[in-house]
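The values are calculated or read from the model by the stated rules, or taken from the named source; none is laboratory data. What you see is a predicted model; the values in this text were computed from it and never measured. Backbone-built Cβ (ideal geometry, glycine too); neighbour counts: all protein chains shown. SASA here: full protein model, heavy atoms, side chains in, ligands and nucleic acids out. Shrake-Rupley method; radii C 1.70, N 1.55, O 1.52, S 1.80 Å.
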Amino acid sequence: MIEQSFMKSLFHGVIADNLIVPYPEPLPAETNNLHIMLDSVRKYFAQNVDAQKIDREALVPDDVLQGIKDLGLFGLLVPNDYGGIGLSATAYARVMQEVSGLEGSLAVTLGAHQSIGMKGILLFGSEELKKKYLPKLATGECVAAFALTEPSAGSDAAAIQTRAELSDDGRYFTLNGSKIWISNGGFADLFTVFARTSPAEHGAKPRITAFVVERGMGVRTGPNEHKLGIRGSSTTEVYFEDVKVPIENVLGEVGRGFKVAMEVLNNGRLGVASGSIGLAKRLIKLSVERARERKAFGRPIGEFGLIKDKIAQMMAGTFALESMTYLTTGLIDSNVADYSVESAICKVYGSETLWKIVNESLQIAAGVGYMQEYSYERHLRDARINLIFEGTNEILRCFIALSGMQGPGRQLVEVARAMREPIKGFGLLSDFAIRKARTALGRERFTRAHPVLNREAVVFEEYTVELAKNVDKALRKFGKDIAEMQYTQKRVADMAIDLFAIASVLSRTTRALEQRGEEGARREIDLTTVFVSAAEKRLADNVAAFEKNDDELRKAIADRAYNDGGYPFDII
Ligand code: MYA
């Protein structure tokens, strides 16, 4: 296991480019099989899946679901020993990318089943649980769901109210409570459920435990919700009334379930990112076809600068998204232990990039884009959920910033202690001094970037210094109150997102340059240039806004709107 996290190091101003260069290659042993699998997925979807009908009828037909199971798509992540295909994180993401580009409801069904529904068993299950459930989950005979969210606990996942009480003989827990918006809820046979196993003591968070619960243990579910998009996926409420769950079905340790939920979501968020790549690529294809075919003023609209600009931005955004997503899955495959910040960044950047692309592709299609006969409006409706589920982008920005700042924050406390206790604290202080000295000698270097990318690498280095500097300043200024400073958190998170994106494209384009030389890698170089120059502007804006902003005014405006109950003005 590699303990260092690329992004968490970056918050200290340290560029651990050894972790991300060379850009990870797909495992050669897997690539052949992956090609075969992707071909059969494309063929199956072309022959059997009517995306428009699924959307209209809000239902995936049983025979289609069975066909997907027969293809092995329900067991992609289950190791061979338990009857699955046992793909790496990279190969799994690549298959999810393909499915998401073909039909969104099935992508969500598959993602809810294996990215999160059964992931807890894969990561934390005992050998008995794995043997008992994984073979059936791999074939799809048993479908899984992930039950965390509750009416009063969405973003604040630790606030769940569902309770689990241990029986007097210590053999089972009794679950009571309910969950909402559970994907696959209507037909799942197995639920990964999170419940409190201790009351909330004053000021302290309640202990949460994760359970594997079979529907047959007494789980009830509500009807399918009517949704804006991904309408063929099943989303329901889930109820537990005195549901008895044997102690063997606890995932991980009693009281450590919050960590189980978070680790599962660290994986799940990459499913959203890879799914976003799939749909983004499909939309670019549709937009390019439209730009070539549709004529205005006697020319194909693709010849106009404003259409070219949209296509170029779609291309650069997708390139950055693809680069960061497969860089992160590569980190997982090479046993990097902590990729929580990276995966949250991929989810936020992926969902927002796709949202821009779906909007721009609809704009290029114009009137046609707005009509139900064409797929643009369905893609737009399907894509919208990505900004919400698996952690809203707002809470994930807070997570990215606060999680990244934890290291530097701890260091400041340690330094304060070291000054108070010079003898005991000497070790801590010298460690801190070494790191400071490293950055004081000048900025840290991205030494492994190809020289052709020197300008872009310098942008990365300079803004890494700015990130570390502004994090340090914010921590000194706000101390613990940083937890309340969401405007600052957003700026920090946005810088982290852009820096991770730049690092990813630098790594990937460096590989292209090394493999194909400057002319051979021309496309990647140009995409990198365009992406980095746009990112540089955003970074500069964020840095300036740490000092000069109208945060307080905005808060005051919102407070007045709350008081007024909305917008109070009129022109009459
Ligand atoms: S599933 C539901 C999704 N729900 C969420 O994502 C909830 C979001 N909220 C949170 O994540 C947490 O509540 C936050 C923490 C982050 C806000 N990795 O005091 P804390 C540790 C590892 O900060 P809180 C769905 O939508 C932390 O270090 N550890 O906690 C599926 C600390 O540890 P320690 C983590 O303030 C839909 C402890 O936890 C992480 O309560 C279907 C407490 O931390 C982490 N990430 O809030 C999807 N975070 O005590 C289908 C925290 O040791 C997808 N910790 O210091 C299919 C895709 C298809 C796409 C199709 C595309 C077209």
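So the values come out like this:
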item	result
Residues that are within 15 Å of the ligand (Cβ to nearest atom) and open to solvent by 40 Å² or more (accessible area, probe 1.4 Å), drawn from the stretch 359-380	Asn359, Leu380
Matching helices (runs of 4 or more DSSP H) fully within the stretch 61-128 where at least 2 residues are of a type in the set (Gly, Ala, Ser)	89-102, 104-110
Positions within the stretch 198-218 being aliphatic (A, V, I, L, M), open to solvent by 40 Å² or more (accessible area, probe 1.4 Å) and either at pLDDT 95 or above or assigned to a helix (DSSP H, G or I) (or both), in sequence order	Met217
Arg163 being open to solvent by 50 Å² or more (accessible area, probe 1.4 Å), out of contact with any Ser or Thr (no Cβ under 6 Å at 6 or more places or on another chain), more than 16 Å from the ligand (Cβ to nearest atom) and in contact (Cβ under 8 Å) with a residue 60 or more places away in the chain	no
Residue match in the stretch 233-246 (condition: outside any strand (DSSP E or B), modelled with pLDDT of 95 or more and either out of contact with any helix residue (DSSP H, G or I) (no Cβ under 8 Å at 6 or more places or on another chain) or at positive phi (or both))	no
Selection count where residues are within 10 Å of the ligand (Cβ to nearest atom), of a type in the set (A, V, I, L, M) and open to solvent by less than 60 Å² (accessible area, probe 1.4 Å), scope the stretch 381-401	4
Hits in the stretch 407-418 (condition: free of Cβ contacts under 8 Å to residues at least 24 places away in the same chain and either near the ligand (Cβ under 8 Å from one of its atoms) or touching a helix residue (DSSP H, G or I) at 6+ places or on another chain (Cβ under 8 Å) (or both))	Glu414, Val415, Arg417, Ala418
Residues (away from the ligand (no atom under 14 Å from the Cβ) and of a type in the set (Phe, Trp, Tyr)) located in the stretch 324-344	Tyr326
Qualifying positions in the stretch 129-155 - touching a residue at least 40 places away in the same chain (Cβ under 8 Å), in a loop (DSSP other than H, G, I, E, B) and closer than 27 Å to Thr392 by Cα	Val143, Leu148, Gly154, Ser155
Any chance Ala273 is outside the structural domain of Leu76 (by TED's automatic domain parsing), away from the ligand (no atom under 16 Å from the Cβ) and either within 21 Å of Arg231 (Cβ to Cβ) or open to solvent by less than 10 Å² (accessible area, probe 1.4 Å) (or both)	no
Filter result (more than 9 Å from the ligand (Cβ to nearest atom), within 18 Å of Leu38 (Cβ to Cβ) and open to solvent by 10 Å² or more (accessible area, probe 1.4 Å)) within the stretch 81-117	Gly84, Ile85, Gly86, Leu87, Ser88, Ala89, Thr90, Tyr92, Arg94, Glu98, Leu102
Subset of the stretch 42-59 (residues that are surrounded by 20 or more Cβ atoms within 10 Å (Cβ to Cβ) and out of contact with any Leu (no Cβ under 6 Å at 6 or more places or on another chain))	Val49, Ile54, Asp55
Residue in the stretch 219-229 that is more than 30 Å from Arg163 (Cα to Cα) and either away from the ligand (no atom under 16 Å from the Cβ) or open to solvent by less than 10 Å² (accessible area, probe 1.4 Å) (or both) present	yes
Flag if Lys308 is within 16 Å of the ligand (Cβ to nearest atom) and surrounded by fewer than 17 Cβ atoms within 10 Å (Cβ to Cβ)	no
Which listed residue, of Ser334, Ser323, is surrounded by fewer than 24 Cβ atoms within 10 Å (Cβ to Cβ) and either in the same structural domain as Ile357 (by TED's automatic domain parsing) or among the aromatic types (Phe, Trp, Tyr) (or both)	Ser334
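Residue-wise test of (1) of a type in the set (A, V, I, L, M); (2) closer than 21 Å to Phe446 by Cβ.
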| position | (1), (2) |
| --- | --- |
| Asp481 | no, no |
| Val492 | yes, yes |
| Leu499 | yes, yes |
| Ser507 | no, yes |
| Thr510 | no, yes |
| Arg538 | no, yes |
| Phe546 | no, no |
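Condition check ((1) closer than 24 Å to Ile395 by Cα; (2) touching a residue at least 60 places away in the same chain (Cβ under 8 Å); (3) open to solvent by 90 Å² or more (accessible area, probe 1.4 Å)) across all residues:
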site	(1), (2), (3)
Gln489	yes, yes, no
Asp494	yes, yes, no
Gly520	no, no, no
Thr529	no, yes, no
Arg538	yes, no, yes
Glu552	yes, no, yes
Asp559	yes, no, no
Gly565	no, no, no
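Matching residues to (1) closer than 18 Å to Gly278 by Cβ; (2) in contact (Cβ under 8 Å) with a residue 24 or more places away in the chain:
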residue: Tyr44; (1), (2): yes, yes
residue: Leu59; (1), (2): no, yes
residue: Leu73; (1), (2): yes, yes
residue: Tyr82; (1), (2): no, yes
residue: Gly86; (1), (2): no, no
residue: Glu98; (1), (2): yes, yes
residue: Gly101; (1), (2): yes, yes
residue: Ala112; (1), (2): yes, yes
residue: Met118; (1), (2): no, yes
